[in-house]
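The values are calculated or read from the model by the stated rules, or taken from the named source; none is laboratory data. As the structure is a prediction and not an experimental result, all values here were calculated from the model. A quick note on method: Cβ atoms are made from the backbone with ideal geometry, for glycine too, and the neighbour counts reach across all protein chains shown.
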Amino acid sequence: MLRAARNALQVEYAIRDVVLPARELEKQGIEILKLNIGDPCAYDFDTPQHIKDAAIEAMRGTKNGYSPSEGILELREAIAAREKRRNNVDYAPDDITVTTGISESLSLLYGSVLEPGDEVLVAGPSYPPYTSLAKLHSAKPTPYNTKEAAGWQPDVDDIRRRITPRTRMITMINPNNPTGAVWGRRVVEAIGGLAAEYSKQLFLVSDEIYDDMTFDVKHNATASLVKDVPLVTFNGLSKVYLAPGWRLGWTMWRDHNRGLEEIRKAYMNQARLRICASTIAQHGAVAAMTGPQDHIPQVAQKLKRRRDLAHKRLNEMPGISCAKPEGAFYAFPKIKALEEPGAPWRNDKEFVLDLLKEAHVLTVHGSGFDSTFGANHFRIVILPPEETLTRAFDAIEKHLKRRLKPVPA
């Protein structure tokens, strides 16, 4: 057998890994209730028509060729205008690079920064590519604690304890995947203050792809709160604009003291190597940024109702508790039963696979988001219609009652 690269063999992506056993059950004709993947278009959401029309117009016209590696100027101007309008943050078009989704943004950034043995601070739990891509670049992802009892807010003291001379960046996802937390203003400012103390060796990365998907609290962009720290912000079309399959994201550079200048050069070297993001999708994204925004509050209200249903039902189930999500479209329940003697599962992955096999509900094991801070949890999406959510919760609750039924003495 020819040898594969060791780093690539170590890559894991829990969200899609659990799909394989689900497909085997579907081959047997079994209906699977899917609460696993953060794709609004897999449920009853769809890309707004004016955004589709702009992409169709581009395709029918003369926009089918390559575009600049940094992205078309019209889109970068529209993104800058959105940031000014929403967050009162000033970006020049040259401060923005358009990519094939945030995953490519992250991969390009890691490839521009990380040497073997470098460290990346990653929220625990966190979206898996922040960990897996670091390992792919022979770097060490170091999780920092987010406190479940405080609604999954970061522990800034824990971040400080985990900084070493090899730490190159502190990454943040806010609103958060997988917990649904919206990190508070004071916490973000405190992380910014901490980064300022170490600004000669590290910088901040803020993933804000869910920024307008919040319920009871407002999301504050990191760039609006942290002024003098080197900062890279990711955003994109997938979530708020309901177009995940278009694979369009962008990187925004905020670098008053030019500390990121060499990193930006390395980033663009790679961006030119991969040529460009989809030209057609970029023209659709211009319409997303500049056209009607009516769908955004409508989506947030729909998700809030589903969040309320999920939070209520989960906390009524035996052996389960769940902090209240404030944004994105996830909940991250705790499997309290795993902490009890004689639990019917050894770990959260076994719980999730049992739930799939016996109750036919597909979720994602929490340890796939961090083996320490995600353990004994599982992630669900609150995207399905309330009828589907209710069916899934009924099946989960029935399964838990059966599994956790007291054994006669």
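Some notes on this structure:
- The set of residues in segment 60-86 being within 27 Å of the chain's Cα centre (by Cα), outside any loop (DSSP other than H, G, I, E, B) and not acidic (D, E) consists of L73, L75, R76, A78, I79, A80, A81, R82, K84, R85, R86.
- In the set A328, A271, only one residue is in the same structural domain as L202 (by TED's automatic domain parsing), touching a residue at least 40 places away in the same chain (Cβ under 8 Å) and of a type in the set (A, V, I, L, M, F, W, C); that residue is A271.
- Candidate set from segment 367-400 (those that are in contact with a Pro (Cβ under 6 Å, 6 or more places away or on another chain) and more than 30 Å from D158 (Cα to Cα)); member that is surrounded by the most Cβ atoms within 10 Å (Cβ to Cβ): L383
- Helices (runs of 4 or more DSSP H) lying entirely in segment 4-56 (those with 1 or more residues that are among the β-branched types (V, I, T)): 14-17, 19-27
- Residues that are surrounded by fewer than 16 Cβ atoms within 10 Å (Cβ to Cβ) number at least 2 in the following helices (runs of 4 or more DSSP H) confined to segment 270-362: 295-316, 348-354.
- When G259, G245 are checked against the criterion of being surrounded by fewer than 20 Cβ atoms within 10 Å (Cβ to Cβ) and within 23 Å of E57 (Cα to Cα), G245 stands alone in meeting it.
- Every condition in (1) touching a residue at least 24 places away in the same chain (Cβ under 8 Å); (2) out of contact with any Cys (no Cβ under 8 Å at 6 or more places or on another chain) holds for T47 except the one numbered (2).
- V187 vs. criteria β-branched (V, I, T) and buried (at least 19 other Cβ atoms within 10 Å of the Cβ): yes
- Scanning segment 111-126 for residues that are crowded, with 22+ Cβ neighbours inside 10 Å and part of a helix (DSSP H, G or I) returns a single hit, V113.
- Test result for L260, out of contact with any helix residue (DSSP H, G or I) (no Cβ under 8 Å at 6 or more places or on another chain) and over 29 Å from I37 (Cα atoms): yes
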